[in-house]
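Encoded as structure tokens, the structure appears first; notes follow it.
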Amino acid sequence: MDKLSVRPMTAAEFEAIRAGMIREYAAEHVRAGNWSADEAEARATAQTDELLPQGVDSPDMFLLTAVDPQEVQVGHVWVGLKRPFGGSGAWVYDIEIDPSQRGKGFGRALLQAAEEEALRRGVTTMGLNVFGPNNVARSLYESAGYEVASLQMRKELEPGD
């Protein structure tokens, strides 16, 4: 693996990735059948703005940027220091590695850096949600020691089933 550096995300970096982050989150909810395509982007935007009202300076949140040796951004992670629906521990809201940089160990290194930052801030557990069809992400999380804490399932119903 090439050397990866992880540092706090700047406000300019956040603005540069914000729209793509929202678009991908909306698309995941559409693929999962949670939201309609018509409402997805508005809902994703509202949730993001609610959780990050001050961008990278939002309370109880941290965002990290991963850069390669040439200082090119290869990924990011967004972590909340409180779980979204109560309980203790940190929560990974988003982790993304540039598609051209995947398979090089950057995702694992970025996840580890987020865990270390959470520990530094006094948090001793971290949770996340992974959408069912995202097998690559599921494999990463499982290999990093994450365990299923809850599992939702659904079935598309067809007449005559």
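Only the coordinates and a few stated rules stand behind these numbers; no lab work does. Quantities reported herein were computed from a predicted structural model and do not represent experimental measurements. Positions of Cβ are generated from backbone atoms using ideal geometry, with glycine treated the same way; all protein chains shown enter the neighbour counts.
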Inset, instruction - Over the chain, calculate the relative contact order: mean separation of alpha carbon pairs under 8 Å at least 6 apart, over the residue count, as a percent. - result: 19
Legend entry - Debye, to nearest 20: dipole size of the chain, +1 on Lys, Arg Cβ, -1 on Asp, Glu Cβ: 440
Inset, instruction - Quick one: compute the contact order of region 3-94, relative version, from alpha carbon pairs under 8 angstrom and 6+ residues apart, as a percent. - result: 27
Inset, instruction - Hand me the GluC sites (Glu not before Pro) from region 31-121 located in a DSSP loop with no more than 14 other Cβ atoms within 10 Å, in residue order please. - result: 71
Inset, instruction - May I ask you to list the lysines whose Cα is less than 30 Å away from that of residue 3, ignoring any residue fewer than eight positions away on the same chain? - result: 104
Inset, instruction - Give me the angle, in degrees from 0 to 90, between the Cα long axis of helix 37-51 and the longest principal axis of the Cα atoms of the chain, rounded to the nearest 10. - result: 40
Legend entry - Translational diffusion of region 5-143, µm² s⁻¹ [Kirkwood Rh, Cα pairs; Stokes-Einstein; 10 °C; 1.306 mPa s]: 102
Inset, instruction - Please compute the Cα-Cα pair-distance distribution of region 93-161 with 10 Å bins starting at 0, giving whole percents from short to long. - result: 15, 45, 25, 10, 5, 1
Legend entry - Size of electric dipole in region 119-161: Cβ of Lys, Arg +1 and of Asp, Glu -1, about Cα centre, debye, nearest 20: 380
Inset, instruction - Taking every pair of Cα atoms in region 43-95, average 1/r, invert it to obtain the Kirkwood radius, and report Rg/Rh to two decimals. - result: 1.04
Inset, instruction - Identify the trypsin sites (Lys or Arg not before Pro) of region 108-155 meeting these criteria: DSSP loop state and at most 13 other C-beta atoms within 10 Å of the C-beta. - result: 121, 154, 155
Legend entry - trypsin sites (Lys or Arg not before Pro) lying in DSSP loop within region 1-69, provided at most 14 other Cβ fall within 10 Å: 3
